[in-house]
Amino acid sequence: AAKKSGKNCWRFYETTMQIEAYDKIRLINSLRHAIENQELSLHYQPQVDINGCTVGFEALLRWNSPEHGAISPTRFIPLAEQNGLIQKIGNWVLKEASQFARKLVNKGWGHIHVAVNVSPYQLCADHFIDDVRKALYSAGIEPNQLEIEITENALIESLEESTHILEKIQAMGIRMSLDDFGTGYSSLTYLQRLPVKTLKIDKAFIDMILTNKAQKAIIRTIIDMAHIMKMNVVAEGVETEIQIAYLAKCHCDLLQGYIISPPVPEAEAINFLSYCKK
Ligand code: C2E
Ligand code: MG
Ligand code: MG
Ligand code: MG
């Protein structure tokens with residue numbers, strides 16, 4: 001039957017590809033106008049210490065398009081990177097997150113940091129440092145209220161260039177964290193050279209606490225190693241009490257995940273703080 005309809009199958013395949021390409025072009029065109037059309041927003045996910053006290057938030061980008069619906073950043077961020085839109089979008093995120101940090105200051109939560117994901121394309125653009133400075137200045141916040149998250153793989157690919165930029169950012173007093181740690185190829189040697197304050201252990205490792213008894217010792221080792229290097233550790237994607245208990249036993253500094261809170265709109269994030277001492 002496959003042979004008989006072979007030609008039709010191939011034609012069907014070709015059409016699907018054409019539709020996919022067409023969808024992608026439509027998506028990119030919509031994304032081009034997403035900022036002006038006010039379709040982007042930031043959600044904030046709390047980062048809590050072992051006592052459950054919120055010490056920071058991670059800003060996560062949301063795109064709600066009237067035409068395409070809600071689209072995941074895992075889909076549109078790569079599109080933005082491939083089509084030269086990431087600078088503009090990334091800069092919007094920086095400004096918006098800094099404004100949120102300003103609101104926290106106004107409400108007496110000035111010690112709470114706001115972490116922003118930065119794409120390597122954005123980081124390596126000439127005007128990045130300027131953009132950061134402008135975002136801080138126009139929001140009137142202290143540099144240490146802002147944290148910049150870079151993924152491990154992105155850094156290792158252009159280590160020399162990135163290290164140079166990260167040093168500049170560090171000199172400005174901004175915190176830096178290494179996102180998705182454990183999924184890339186960084187070695188201890190690299191880590192010691194990077195001016196990074198925090199390691200974020202990827203969810204894939206945190207999941208091992210539930211599934212893989214032998215490998216969960218790796219988590220303890222990463223945490224110990226980070227502490228020896230004077231770094232803090234955030235566990236990403238914490239979903240159960242069992243994970244919290246193990247992470248507490250390993251002296252993990254901060255927890256982030258659905259069991260604490262999913263990423264939520266700004267107003268909800270601020271409400272979340274009422275459970276916390278000032
Ligand atoms: P990430 O920075 O590693 O963010 C963590 C992701 O895990 C977020 O997905 C978050 O919603 C999700 N998450 C948090 N806790 C849990 C949990 O307990 N269980 C599960 N299953 N997931 C959890 P999200 O918001 O879809 O973002 C995906 C990725 O998109 C981010 O990964 C980041 O790499 C990228 N991204 C998001 N916003 C931005 C942005 O403003 N700029 C850039 N360049 N990238 C962004
Ligand atoms: Mg992140
Ligand atoms: Mg991550
Ligand atoms: Mg990620």
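The values are calculated or read from the model by the stated rules, or taken from the named source; none is laboratory data. If you're wondering where the values come from, they're calculated on a predicted model, not measured in any experiment. Reconstructed Cβ throughout: ideal geometry from the backbone, glycine too, with neighbour counts over all protein chains shown. Side chains included, ligands, DNA and RNA excluded: accessible areas come from the protein's heavy atoms. Shrake-Rupley method; radii C 1.70, N 1.55, O 1.52, S 1.80 Å.
The number of residues in segment 123-153 that are open to solvent by 10 Å² or more (accessible area, probe 1.4 Å) and either on the phi < 0 side of the Ramachandran plot or in contact with a strand residue (DSSP E or B) (Cβ under 6 Å, 6 or more places away or on another chain) (or both) comes to 18. On the stretch given as segment 38-77, residues that are open to solvent by less than 50 Å² (accessible area, probe 1.4 Å), of a type in the set (Asp, Glu) and free of Cβ contacts under 8 Å to residues at least 60 places away in the same chain total 1. Being within 27 Å of Asp23 (Cβ to Cβ) and more than 17 Å from the chain's Cα centre (by Cα) narrows it down to one of Glu157, Glu67, so name that one. Just a single option satisfies the conditions, and that option is Glu67. Of all residues in segment 147-160, none satisfies being part of a helix (DSSP H, G or I), within 16 Å of Glu58 (Cβ to Cβ), at pLDDT 95 or above and of a type outside the set (A, V, I, L, M, F, W, C). Within segment 250-259, the presence of a residue that is free of Cβ contacts under 8 Å to residues at least 40 places away in the same chain and out of contact with any Asp or Glu (no Cβ under 9 Å at 6 or more places or on another chain) is excluded. When each of Lys103, Lys88 is tested for being at pLDDT 95 or above and farther than 25 Å from Val234 by Cβ, the lone residue that passes is Lys88. A single member of Ala101, Ala97, Ala80 is open to solvent by less than 30 Å² (accessible area, probe 1.4 Å) and under 15 Å from the mean Cα position of the chain (by Cα), and it is Ala97. For segment 117-138, the count of residues that are in a strand (DSSP E or B) and within 16 Å of ligand 3 (Cβ to nearest atom) is at least one. The criterion of at least 1 residues that are under 22 Å from Ala115 (Cβ atoms) and open to solvent by 70 Å² or more (accessible area, probe 1.4 Å) is met, among helices (runs of 4 or more DSSP H) falling completely within segment 168-261, by 188-193, 203-211.
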